[in-house]
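The values are calculated or read from the model by the stated rules, or taken from the named source; none is laboratory data. Computed from a predicted structure; not experimentally measured. Cβ atoms come from the backbone with ideal geometry, glycine included; neighbour counts cover every protein chain shown.
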Amino acid sequence: MIAVLRRSAPSLILLGVGFAAWEAGASADSSATRLIPPPSAIFAAMSNSAERLVRFHIPTTLYEALMGLLIALIIGVIAAALLDFLPFLRRAVYPLLVISQTIPLVAIAPLLILIFGFGIESKIVIVTLFAFFPITVATLDGLTSTDTELIALLRAMGATGGQIWRKVRLPSALPSLFSGLRIAATYAVGSAMIGEFVTAQYGLGQYLRQAFNQSRLDQGFAAVIIASALSVILVLCIRLVERLLLGWYFTPDRESGWQTQQSNA
């Protein structure tokens, strides 16, 4: 815990300085209508809406984000395995996956809501579509970048293709998988809010839309700050799970080597 706080100290200090400068700049504005509210007003609005946020909006958005991430993880790993096992399928499908990311999901979110309904299911679908691509691509890259010497060694020992995939290729792809999952987690909360902004009864997106309709910029900024905090928490939780599951990867010797490379860069 102390090591984590030590590594996070520069970011926390910079964040605190940024909020202090924001507060000073916004408070120095003497105009009757302030375009950007100071952090104190934002946190006051957050405090006034704390009960609704904690009971309804935050749990709804968090549930949609987690379910979408889970479904995207399952589909992404299966898709990466199929593309890895079937090279002809990879050549046919991979370019289509890349092209699919050029489609603005923000624009088709209303269509997805009309197709899947106005409940949380449509928001989960939107999160899944946002999170699917980075997980699939990162996992596939990890599978295709396995150490060839290890593969040759297992083949020399008589291992089958399935045994090589399970014992070498899949484990070596797990760090890449978690990297893609962390990237997907940064999209999850925001993509859930996109669907909620279109139509929802609860959720941070609905809270943001209500603030927009009422011209309450303090509440709007509060929704954005909460969404950012939830995204950071998701990424940290994934990082913690990665550390627990991949203890063989984060060895002291390997981490000291990374630090040496960073100091020499």
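Where residues in the stretch 74-103 are closer than 17 Å to L143 by Cβ and loosely packed, with under 11 Cβ neighbours inside 10 Å, which of them is farthest from the chain's Cα centre (by Cα)? If you could, list the steps in order and put the result at the bottom.
Taking the stretch 74-103 first, the residues closer than 17 Å to L143 by Cβ are 74-91, 93-94, 97.
Narrowing the set further to residues that are loosely packed, with under 11 Cβ neighbours inside 10 Å leaves 87-88, 91.
Values: P87: 29, F88: 30, R91: 27 Å.
Filtering the stretch 74-103 for residues that are closer than 17 Å to L143 by Cβ and loosely packed, with under 11 Cβ neighbours inside 10 Å, the one farthest from the chain's Cα centre (by Cα) comes out as F88.
Is it the case that S47 is closer than 26 Å to Y207 by Cα, at pLDDT 85 or above and not β-branched (V, I, T)?
Working: closer than 26 Å to Y207 by Cα: yes; at pLDDT 85 or above: yes; not β-branched (V, I, T): yes.
The answer is yes for S47.
Condition first: of a type in the set (A, V, I, L, M) and in contact (Cβ under 8 Å) with a residue 12 or more places away in the chain. Now tell me which residues in the stretch 81-92 satisfy that. Let's see the steps before the verdict.
We begin by selecting, within the stretch 81-92, every residue of a type in the set (A, V, I, L, M); these are 81-83, 86, 89, 92.
Once the filter is applied, which keeps residues that are of a type in the set (A, V, I, L, M) and in contact (Cβ under 8 Å) with a residue 12 or more places away in the chain, the stretch 81-92 yields A81, L83.
If you take the residues of the stretch 208-222 that are of a type in the set (A, V, I, L, M, F, W, C) and at pLDDT 90 or above, which of them is surrounded by the fewest Cβ atoms within 10 Å (Cβ to Cβ)?
Taking the stretch 208-222 as the starting set, the residues that turn out to be of a type in the set (A, V, I, L, M, F, W, C) are 208, 211-212, 217, 221-222.
Restricting the remaining residues to those that are at pLDDT 90 or above gives 208, 221-222.
Working: L208: 23, F221: 21, A222: 28.
Within the stretch 208-222, the match that is surrounded by the fewest Cβ atoms within 10 Å (Cβ to Cβ) is F221.
With surrounded by fewer than 19 Cβ atoms within 10 Å (Cβ to Cβ) and closer than 28 Å to F130 by Cα as the only criterion, which of V198, V232 stands out?
Values: V198 fails: surrounded by fewer than 19 Cβ atoms within 10 Å (Cβ to Cβ).
Within the list V198, V232, the selection yields V232.
Hey, among the residues in the stretch 235-261 that are over 14 Å from the mean Cα position of the chain (by Cα), surrounded by 13 or more Cβ atoms within 10 Å (Cβ to Cβ) and hydrophobic (A, V, I, L, M, F, W, C), which one's modelled with the highest pLDDT?
Looking at residues that are over 14 Å from the mean Cα position of the chain (by Cα), surrounded by 13 or more Cβ atoms within 10 Å (Cβ to Cβ) and hydrophobic (A, V, I, L, M, F, W, C), I get L246.
G158 passes all but one of (1) in contact with a helix residue (DSSP H, G or I) (Cβ under 7 Å, 6 or more places away or on another chain); (2) surrounded by fewer than 22 Cβ atoms within 10 Å (Cβ to Cβ); (3) not in a helix (DSSP H, G or I); which number fails?
Of the numbered conditions (1) in contact with a helix residue (DSSP H, G or I) (Cβ under 7 Å, 6 or more places away or on another chain); (2) surrounded by fewer than 22 Cβ atoms within 10 Å (Cβ to Cβ); (3) not in a helix (DSSP H, G or I), the odd one out for G158 is (1).
Taking into account only those residues within the stretch 137-155 that are closer than 14 Å to I78 by Cα and among the β-branched types (V, I, T), which is surrounded by the fewest Cβ atoms within 10 Å (Cβ to Cβ)?
It comes out as V137.
In the list I36, I108, I42, which residue meets the criterion of being under 28 Å from Q210 (Cβ atoms), surrounded by 15 or more Cβ atoms within 10 Å (Cβ to Cβ) and not aromatic (F, W, Y)? Steps first, please.
Working: I36 fails: surrounded by 15 or more Cβ atoms within 10 Å (Cβ to Cβ); I108 fails: surrounded by 15 or more Cβ atoms within 10 Å (Cβ to Cβ).
Result: I42 is the single residue among I36, I108, I42 that is under 28 Å from Q210 (Cβ atoms), surrounded by 15 or more Cβ atoms within 10 Å (Cβ to Cβ) and not aromatic (F, W, Y).
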